[in-house]
Amino acid sequence: MITVETQALLEKSLLRISDLLRCTAAVAYESGENRTGADRDLAFSAVHLLDVIKDEVNLSLSYVEPRLPASTQT
């Protein structure tokens, strides 16, 4: 059984992973901008894979039940 605390930790972890993937994709993109040929293709392939993973994380986040703001929880 997933508790409220477990769900909150899962949501926090998925949000952190999403942020890290976004940052990593930005680094790979910038790296690809300065390259040509196969090196450029490889960098942009990494960006694509990171985007696919980020989409999966975001889909997982959509399954996490929304939490009420702390001020409205009893």
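Please treat every number below as a calculation from the coordinates, not as lab data. In this text the structure is predicted, and so the values were computed from the model without any measurement. Cβ atoms come from the backbone with ideal geometry, glycine included; neighbour counts cover every protein chain shown.
Would you work out the relative contact order for the chain, in percent, from Cα pairs under 8 angstrom that are 6 or more residues apart?
Relative contact order comes out at 37 percent.
Give me the angle, in degrees from 0 to 90, between the Cα long axis of helix 4-33 and the longest principal axis of the Cα atoms of the chain, rounded to the nearest 10.
Rounded to the nearest ten degrees, it is 10.
Let me check I have the definition right: for the range 1-61, take the eigenvalues of the Cα gyration tensor, multiply each by 5, take square roots. What are those semi-axes in whole Å, largest first?
The three semi-axes for the range 1-61 are 32, 10, 5 Å.
Once you put a point 7 Å from the Cα of D39 and another 7 Å from the Cα of V52, both along the Cβ direction, what distance in nm separates them?
A separation of 2.5 nm, rounded to one decimal place.
Run the helix sum for the chain: -39,500 (n - 2.57) per DSSP H stretch of 4+ residues, divided by residue count, reported at 222 nm to the nearest 500 deg cm²/dmol.
Computed mean residue ellipticity for the chain: -27000 deg cm²/dmol.
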